[in-house]
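K.L.:
I am attaching a structure below and will ask some questions about it afterwards.
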Amino acid sequence: MGAHPFGETARKYMDSIKGIYAEETWKARDRRYRRLNNDVVRLKQEKRISTMSPKTMNKEDVKTILLEHKEKVGNSDMVIEHLLLKNLLEYCDNDAYRKCMREYPGLKPIVKHKRNKHMDEDVIDLILRKSEDVKDDDYFGLRAYTLVLMCICTGTRNKEIRFANLEDLNTVIWRFDIIHIKGEETYGMPRTVPIPPVIRPLISKYIAARERWLGEHGIESKALFVSQHVSNRGEHLSSNGIRNMKVYVEKEVGVKFDLRECRRTFGQRYLDKDIDIETVSVLMGHS
């Protein structure tokens, strides 16, 4: 083992789990281990811990490291610091973290489980009712309501709905293939979700209006939701375009909401139907 056994062991551990987490999550934890290594080196130089090796650290070393960080970071960060130290020591078959928590339970950070907000059914019903009033030739209105209600009813993320293509939507058996997913080409897996009957008439109206609009402007496009700027010649919507459509519906119904609420609402509605959480997890594209 070299001059910095903590950092060297952390690097081996991170290499062993590469590909399990999303790339950005992996990078964030790798940075945290490097910062933690710097603190371990300093604490050893100050003779406040007995070793820099995670293989031989004892419960008092763990206590010192955690107390050092408790003075610097908030509770949510301390949860991650505990996890990093625990995982690394367990990787080395060292149970010093467990012994430390058993003897000093007050060191454990308080974990607050907050239930994320989802949309009320009254708001969804209002959006549905408003969508029924949109005229067949109102391409932009149909596009906005269809996008928002598909987010609510299929649980898509911003990127997933933005880069959806018309061919991903099957209006014969009414299913939506979500191809361009989070973690595309790395850890993400495409998924298929059913389209509920309540939004099928709206989708059909929108597709017809989309075809008329494209024909009127001489544009060919594979995008399900086409950018309204003719100069873009059929490109997918921009992130700002997605937000503008959400704002359009907000103003129409008089209620503000977040597109992430739409996704959470999708999951909650399935849970409320007593669908098991593993199935809901797959439908939402969770690993």
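The values are calculated or read from the model by the stated rules, or taken from the named source; none is laboratory data. Owing to the predicted nature of the structure, the values given are computational and were not obtained by experimental measurement. Neighbour counts are summed over all protein chains in view; Cβ atoms, including those assigned to glycine, are modelled from backbone coordinates with ideal geometry. Calculation scope for accessible area: heavy atoms of the full protein, side chains included, ligands and nucleic acids excluded. Shrake-Rupley method; radii C 1.70, N 1.55, O 1.52, S 1.80 Å.
K.L.:
Between the helical axis of 23-45 and the dominant principal axis of the chain, each derived from Cα atoms, what acute angle in degrees is found, rounded to the nearest 10?
P.N.:
Roughly 20 degrees between the two axes.
K.L.:
Could I ask something else about it? Mind pulling the per residue volume of the convex hull built on the Cα atoms of segment 33-167? Å³ is fine. Kindly include the intermediate steps, with their values, before the conclusion.
P.N.:
Values: hull volume 25.0 nm³, N = 135.
So the per-residue hull volume is 185 Å³.
K.L.:
Still on this model: Give me the angle, in degrees from 0 to 90, between the Cα long axis of helix 75-91 and the longest principal axis of the Cα atoms of the chain, rounded to the nearest 10.
P.N.:
60
K.L.:
Also, quick follow-up: If you wrap segment 96-253's Cα atoms in a convex hull and average its projection over all directions, what's the area in nm²?
P.N.:
Projected area, direction-averaged: 13.6 nm².
K.L.:
I've got another one for you. Using a 10 Å cut-off on Cβ atoms, rank the peptides 125-137, 149-161 from the highest mean neighbour count down.
P.N.:
For the peptides 125-137, 149-161, the packing ranking is 149-161, 125-137.
K.L.:
Can you pull the one-decimal nm distance between simple spin-label points at GLU216 and ASP137, each 7 Å off the Cα toward Cβ?
P.N.:
My value for the distance between the label points is 0.8 nm.
K.L.:
Let me ask something else about it. Which order do the peptides 11-17, 38-44 take when ranked by the mean count of other beta-carbon atoms within 10 Å per residue, highest first?
P.N.:
Ranked by mean Cβ neighbours within 10 Å, highest first: 38-44, 11-17.
K.L.:
If you roll a 1.4 angstrom probe over the protein chains with everything in place, what fraction of the accessible area of the chain belongs to carbon and sulfur, to the nearest %?
P.N.:
50
K.L.:
Considering every Cα-Cα pair within the chain, what fraction, in whole percent, is farther apart than 35 Å?
P.N.:
40
K.L.:
Sticking with this structure for a sec: Between the helical axis of 239-253 and the dominant principal axis of the chain, each derived from Cα atoms, what acute angle in degrees is found, rounded to the nearest 10?
P.N.:
60
K.L.:
I've got another one for you. Let me know the Rg and Dmax you get for segment 3-92 when you use only its Cα atoms, in Å.
P.N.:
Every Cα atom of segment 3-92 included, Rg and Dmax give 12.5, 37 Å.
K.L.:
Based on alpha-carbon atoms only, what is the radius of gyration of segment 120-188 relative to the globular estimate 2.2 N^0.38 Å?
P.N.:
Segment 120-188 yields a ratio of 1.25.
K.L.:
Mind giving me the FRET efficiency for ARG102 and LYS159? R0 is 45 Å, r the Cβ-Cβ distance, nearest 0.05 is fine.
P.N.:
Efficiency for this residue pair is about 0.55.
K.L.:
Something else: Need one number: the % of Cα-Cα pairs in segment 162-287 sitting beyond the 25 Å mark.
P.N.:
Details: 2548 of 7875 pairs.
Counting pairs separated by more than 25 Å, the tail of P(r) holds 32 percent.
K.L.:
Another question, then. Based on the alpha-carbon gyration tensor of segment 151-214 and its eigenvalue square roots a ≥ b ≥ c, which shape applies: rounded if a/c is under 1.5, prolate if not and a/b is larger than b/c, or oblate?
P.N.:
prolate
K.L.:
Give me the 1.4 Å probe accessible area per residue for the chain, excluding ligands and nucleic acids, in Å².
P.N.:
So the chain comes to 56 Å² accessible per residue, rounded to a whole number.
K.L.:
Among the Cys residues of the chain, which have no other cysteine Cβ under 4.7 angstrom away?
P.N.:
CYS92, CYS100, CYS153
K.L.:
Follow-up. Semi-axes of the equivalent ellipsoid of segment 228-269: what are they in whole Å, largest first, if each equals the square root of 5 times a C-alpha gyration tensor eigenvalue?
P.N.:
25, 14, 7
K.L.:
At 7 Å along the Cα-to-beta-carbon direction for both ALA28 and ALA3, put a label point, then send me their distance in nm to one decimal.
P.N.:
3.2
K.L.:
Can you give the percent of C-alpha pairs in segment 79-151 whose distance is more than 21 Å?
P.N.:
When all Cα pairs of segment 79-151 are counted, 58 percent exceed 21 Å.
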